[in-house]
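The values are calculated or read from the model by the stated rules, or taken from the named source; none is laboratory data. Just so it is clear, the structure is predicted and the values come from calculations on it, not from any experiment. Heads up, the Cβs are rebuilt from the backbone with ideal geometry, glycines too, and the neighbour counts pull from every protein chain shown.
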Amino acid sequence: MTAATHNKQHEWLVEHGDYLYRYALARLRDPHLAEDAVQETLMAAIQNDSYAGKSAPRTWLTGILKHKIIDLMRRQMREQPLDSESLPDEPGMDEFFADDDGHWIDKPQFWAAPEDELEQKQFLVVLQQCMDRLPAKLAQIFLMREVHENDNEEICKELGISTTNAWVMLYRARMGLRKCLELNWLVNDKAK
């Protein structure tokens, strides 16, 4: 590595490292994986040296990081296939619905103004705690669909799963988050 290359990598790390790390950590939920992804991003940026200045360096580096994260998620999904035996027990998921008619037994609680609650820092803390309680695969697919707004076709392609499997995983993630939020956030609302 030449001195100029080393200086460029150091400059990018100092200027964008914290942002890239937070970006990776929010998606991977593992500090070590986030550090590795940022390091791989900076190495790829230096080795490829294709930065043409058409966008801000942070935008360009974030694009590389996004691909590194997707590659890592693919590897994780391939290494740990989702099957009924590998799922943790999900007590209470069936209790939301009647037997076969599909109607709610336990209707979702009314959220008066969800956009107001999302702005509250406490809600975001509880939401993150609920996300951390989800199995990693379910949290990954939920993030891809609901946060990154990827469509199902893209999610299935990226993770190497079937459409049916994606829908089942999303359903489980949503129900798990719903139950967790109702127990840890909305219950406090009822007490007021």
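Side notes on the structure shown:
- The set of residues from the stretch 15-30 being in a helix (DSSP H, G or I) and within 24 Å of Arg145 (Cβ to Cβ) comprises Tyr19, Leu20, Tyr21, Arg22, Tyr23, Ala24, Leu25, Ala26, Arg27, Leu28.
- Among (1) at pLDDT below 85; (2) acidic (Asp, Glu); (3) surrounded by 12 or more Cβ atoms within 10 Å (Cβ to Cβ) - the single one Asp116 does not satisfy: (3)
- Of the helices (runs of 4 or more DSSP H) lying entirely inside the stretch 145-192, those carrying at least 1 residues that are modelled with pLDDT of 85 or more and within 22 Å of Ala26 (Cβ to Cβ) are 152-159, 163-181.
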